[in-house]
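All remarks here apply to the structure that follows.
Any read-out appearing in this document is the output of simple, stated calculations on the displayed coordinates, not a laboratory observation. Computed from a predicted structure; not experimentally measured. Here the Cβ positions follow ideal geometry from the backbone for every residue, glycine too, while neighbour counts run over all protein chains shown.
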Amino acid sequence: MNIIYGDGHEKVESHDYAHRFDPHDDWHVYEMEWTPHYVSWRIDGREMRHVEMEDPAVHHLDKAQSLRMNFWTPTFHSWGAGFNPVDMPWYVLYDYVEVFTYDEEHNEFKFHWRDDFDSFDSGKWHKAAGGFESNTSVFHPGNAYTSGGHLVLKMEPEHTRAEDLEIRQSLHDAFGMDLDHRKLNPRRLEKFRGRNNDFSDTSSSEWSDYES
């Protein structure tokens, strides 16, 4: 639940976390409200953080934003202590996204659009590639896809092309099976909050829309 903004001089970050919350065992509804007066985050209807306009983090939020979902491993230890990369691949599943616009005159949100992820809408979403600072994962567009009415973000160890071809050929020779991540069981839902020190060199995904 972070606000990252520029104050005209430098990049500034305001962080907080949903304490004592474990997303692992069930579906959850995540909401974020952004108005000129406050920014609020809710999980399953319960407000987890509220920042008022007196905070510089809200005051400087005056430019158009984009909506994005991503799945990555940071360079710092605290987010992922206790996770073991031997369990990869890992998955994050999204059931739907709804976007509302804020009507300041009437102080209300109005429904704008919804995506149930029955297919990939290239007019709305963009798959990222590459990485960024403090990220040990590399975003691969092929690891962000829709399956069974869900958006799937996949994380797996990074293989060389030769290793990938060898794995595919071994599976085909042994089982007559073609390795296709799009045949994933969509009900599998894995949790992820970060990395441990062994999570270097992973392949992950980011899915974003240009404007929301």
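Along region 133-144 the Karplus relation, 6.51 cos²θ - 1.76 cosθ + 1.60 evaluated at θ = phi - 60°, assigns HN-Hα couplings of 4, 6, 10, 8, 9, 10, 6, 10, x, x, 8, 10 Hz to successive residues, with x for each Gly and Pro. Each label point was placed 7 Å from the Cα along the Cα-to-Cβ direction; for residue 47 and residue 30 their separation is 2.0 nm.
Close amide H partners of residue 71, meaning residues 5 or more places away or on another chain with modelled amide H under 5 Å apart, are 205. Between residue 79 and residue 118, the simple spin-label model (points 7 angstrom out along Cα→Cβ) gives 3.4 nm. Expressed as a fraction of 2.2 N^0.38 Å, the value expected for a compact globular protein of N residues, the C-alpha radius of gyration of region 1-63 is 1.24. The distance between label points at residue 68 and residue 14 comes to 2.1 nm (points 7 Å beyond Cα on the Cα→Cβ vector).
Counting other C-beta atoms within 10 Å, which of 154, 63, 127 has the fewest, and how do the rest follow? Walk me through the numbers before you get to the answer.
On the way: 154 22, 63 7, 127 17.
Going from sparsest to densest Cβ surroundings: 63, 127, 154.
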